1. Nothing charged except the Cβ atoms of Lys and Arg (+1) and of Asp and Glu (-1): what's the magnitude of the dipole of segment 10-159 about its Cα centre? Round to the nearest 20 debye.
2. What number does segment 91-148 give for Rg over Rh if you use C-alpha atoms and the Kirkwood radius?
3. Contact order normalised by length for segment 10-159, with contacts defined as Cα pairs under 8 Å and 6 or more residues apart; what percent is it?
4. Note down the relative contact order for segment 93-166 as a percent, whole number, built from C-alpha pairs under 8 angstrom at least six residues apart.
5. Give me the compactness ratio for the chain, meaning the Cα radius of gyration over 2.2 N^0.38 Å.
6. Using the 10 angstrom Cβ neighbour count as an exposure proxy, how do ILE3, ILE104 rank, fewest first?
Amino acid sequence: MNIVAAGTGRPVPLGDQATFLVKEDGSHTRGNLLVAEMVVQPGFATPLQHVHHAHEEAWFILEGELEFTSGTRVQRVGPGGWVLVPIGIAHTFSNPGTTATRFIATMTPNLYLNYFYEMGEHMARAARESSGVTEEARARITSEVMSRYQTEVVDPVAWERDVLPTLSA
């Protein structure tokens with residue numbers, strides 16, 4: 001049994017717009033599960049739309065609202081809502097509101113934990129080396145780091161046109 005008290009967990013530095021507290025890093029589940037409590041502020045730098053090739057991802061919204069985009073389809077989800085993104089589905093998310101959004105993020109297996117550490121380090125370094133992280137730098141860093149974790153950045157319109165029909169067939 002593993003119990004993690006409210007408000008605790010292993011923090012992953014993701015800048016000033018997001019907090020990420022790891023509740024389960026996979027060490028108690030043979031690497032099969034990553035669970036984190038995440039808080040994202042309005043204006044959180046939205047991840048580029050991407051596809052995971054080796055893990056599923058899910059969110060359970062506790063407070064606030066998240067906007068999920070898959071291809072060109074957009075849907076808002078509020079408290080009590082749950083979103084599952086299976087392998088192969090293009091997606092991204094953002095906080096469209098005016099207050100912080102808190103949610104539980106789960107990933108199976110846990111391969112993305114090191115992605116979050118690596119992204120945090122790269123973004124912090126980019127911010128230190130210039131007056132802030134440009135969109136071009138963010139896109140380059142995201143694409144490079146995601147590729148090491150069996151994830152690819154996709155063009156949402158092309159993905160919807162070329163891949164989505166084969167997934168629903």
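Just so it is clear, none of the values below were taken in a lab; they were calculated from the coordinates. Keep in mind that what you see is a predicted model, and the values were worked out from it rather than measured. Note that we place each Cβ from the backbone using ideal geometry, even for glycine, and neighbour counts take in every protein chain shown.
1. 140 debye
2. On the Cα set of segment 91-148, Rg over Rh gives 1.01.
3. 29 percent
4. It rounds to 24 percent for segment 93-166.
5. 1.02
6. Ordered by Cβ neighbours within 10 Å, fewest first: ILE3, ILE104.
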